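Note sheet for the following structure.
Only the coordinates and a few stated rules stand behind these numbers; no lab work does. Bear in mind the structure is a predicted one, so any value in this text is a computation, not a measurement. Every residue, glycine as well, gets a Cβ built from its backbone with ideal geometry; the counts of neighbours run over all protein chains shown.
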């Protein structure tokens, strides 16, 4: 990865394209947003793969992230709550939570921050007929 200084932040040239990073949302993604997106995206993709292997019928999966930051310590991220909303058929909440535990153990982003950021997951289901 290459990061280049620009007027109001940094630009990363990545294989998928350019990514603008700035402390000001008018000029790019804020670093904390990228951190939360990395954690939520990794967790959701690992979770989805596990559900596919389990043949769980998922129609839609959304993750809503709530972030707690500490202004006393450089506005560091202290806690992230990932609220999963899963739409599907014959959803078993106990099985979903067990699969979430497996996903958590296999998500490299969660594993990278698990001793410095509290990550909690919550699952809400919408049963389709």
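Residues in the stretch 46-88, backbone N under 12 Å from the label point at residue 102 (7 Å along the Cα-to-beta-carbon vector): list them, ranges by number please. Within reach of a label on residue 102: 47-56.
Counting helices only, and only those DSSP H runs with n ≥ 4, report the 222 nm mean residue ellipticity of the chain as the sum of -39,500 (n - 2.57) divided by its residues, in deg cm²/dmol to the nearest 500. Show your work: numbers first, answer last.
Working: 3 runs with 43 residues, N = 129.
Computed ellipticity for the chain at 222 nm equals -11000 deg cm²/dmol.
Pairwise Cα separations in the stretch 1-45 fall into 5 Å bins from 0 onward with the following percentages, short to long: 6, 22, 24, 27, 14, 5, 1. Applying 0.36 nm per residue to the separation of residue 8 and residue 20 and subtracting their alpha-carbon distance, the gain on full extension is 3.4 nm. Put in order of Cβ neighbour count within 10 Å, fewest first, the listed residues 72, 18 become 72, 18. Note the listed values (i) 50; (ii) 56; (iii) 60, then indicate which one is percent of Cα pairs over 18 Å apart calculated from this particular structure. Checking each listed value against the structure points to (iii). Pairs of Cα atoms nearer than 8 Å and 6+ residues apart set the relative contact order; for the chain it is 21 percent. By the count of neighbouring beta-carbon atoms within 10 Å, fewest first, 29, 97 end up ordered 97, 29. Cβ crowding within 10 Å, taken as a proxy for footprinting-reagent exposure, orders 125, 56 from fewest neighbours to most as 125, 56.
Subtracting the Cα-Cα distance of residue 59 and residue 79 from 0.36 nm times their residue separation leaves 4.3 nm of extension gain.
The angle between the Cα long axis of helix 31-53 and the longest principal axis of the Cα atoms of the chain comes to about 20 degrees, rounded to the nearest 10. The angle between the Cα long axis of helix 93-106 and the main principal axis of the chain comes to about 40°, on a 0 to 90 degree scale. Using DSSP, restrict attention to beta bridges with both residues in the chain and report what percent are antiparallel, rounded to the nearest 5. Counting DSSP beta bridges with both partners in the chain, the antiparallel share is about 70 percent.
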